[in-house]
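The values are calculated or read from the model by the stated rules, or taken from the named source; none is laboratory data. Since we're looking at a predicted model, the values are computed, not measured. Methodologically, a virtual Cβ is constructed for each residue, glycine included, from the backbone with ideal geometry; neighbour enumeration extends over all protein chains shown.
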Amino acid sequence: MMRRLADGVREVRVPLTESWHQVDTWFQREIARPGIREQLREHLATLSPRRRTVLAARSRETTTHFAWCLLDEPEDPFSFWLHEYKPQRDWRPGYADSVHNHRYHFCTTVLSGAYRHERYDVTLDPVSGLITSAALRHSAQCEQGAAGVLLAEDYHRIPHAEDGTMTFLIKSRPVSEWSLSYDPPTGTSHRHVPVERRLGALLDRL
């Protein structure tokens, strides 16, 4: 299934990081529709032991959800992910429930459950580049079947997700070296640099 979907994205013969809205058009037509959850369940149920091991090795845990990497071929400018949100009681204050952006563009659809999605306008400090303020622009309850697209320069927040919420995503490759987050109650902003980008700094410190 994943390879069939990947072939569909490969037919979008444009630089994906520059024309992500064309990917969204494909995503809305091919993914955000009834039956995709059942197809994903069948796909996972029929994986060989070796492919299950590869999937688990590429996946990771965040403060609010488990991010399962379903397909990530190095030669492709995209990857497919399944996000399994933790019960709200297990969330730790952190990334998803802060105002933040991402290093990549992505499209997503809700497979089960629901979450509250908020979009923000932010002000950046001209010297540090960190967020100094954030203003809520739009808020919506995203139910099963809802779909949307976010670009790397978009800022958003998921303050709440129902237990059992799962989403399916297609992500671009990173288009920036870091992302930002902002905690409105404290006014604190952070720059998030992935560990693989810090190898040079590690060598300098040794």
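Computed values, structure above
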read-out: Among the candidates THR108, THR63, residue that is within 30 Å of PRO185 (Cα to Cα), part of a loop (DSSP other than H, G, I, E, B) and β-branched (Val, Ile, Thr); value: THR63
read-out: Only one of ARG103, ARG116 that is of a type in the set (Lys, Arg) and assigned to a loop (DSSP other than H, G, I, E, B); value: ARG103
read-out: Test for SER189: is it at negative phi and surrounded by fewer than 18 Cβ atoms within 10 Å (Cβ to Cβ); value: no
read-out: Residues of the stretch 15-40 classified as in a helix (DSSP H, G or I) and among the basic types (Lys, Arg), total; value: 2
read-out: Any hit, the stretch 123-138, residues being surrounded by fewer than 16 Cβ atoms within 10 Å (Cβ to Cβ), part of a strand (DSSP E or B) and of a type in the set (Gly, Ala, Ser); value: yes
read-out: Residue satisfying condition, being at negative phi, of a type in the set (Phe, Trp, Tyr) and without any contact (Cβ under 8 Å) to a residue 40 or more places away in the chain, within set TRP81, TRP91; value: TRP91
read-out: Among the candidates HIS83, HIS117, HIS100, HIS65, residue that is buried (at least 18 other Cβ atoms within 10 Å of the Cβ), at pLDDT below 95 and within 23 Å of LEU151 (Cβ to Cβ); value: HIS65
read-out: Tabulated pairs, the stretch 36-57, first at pLDDT 95 or above, second of a type in the set (D, E, K, R), C-beta under 6 angstrom, 6+ apart or interchain; value: none
read-out: Wholly within the stretch 157-198, strands (runs of 3 or more DSSP E) carrying at least 2 residues that are farther than 27 Å from GLU30 by Cβ; value: 179-183, 188-192
read-out: Residue check for ARG92: basic (Lys, Arg), surrounded by 15 or more Cβ atoms within 10 Å (Cβ to Cβ), closer than 26 Å to GLU177 by Cα and under 18 Å from the mean Cα position of the chain (by Cα); value: no
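So that you can scan it fast, the table gives a plain yes or no per residue for (1) of a type outside the set (D, E, K, R); (2) within 25 Å of GLU30 (Cβ to Cβ); (3) in contact with a helix residue (DSSP H, G or I) (Cβ under 9 Å, 6 or more places away or on another chain):
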position: HIS65; (1), (2), (3): yes, yes, no
position: TYR85; (1), (2), (3): yes, yes, no
position: VAL122; (1), (2), (3): yes, no, no
position: ARG137; (1), (2), (3): no, no, no
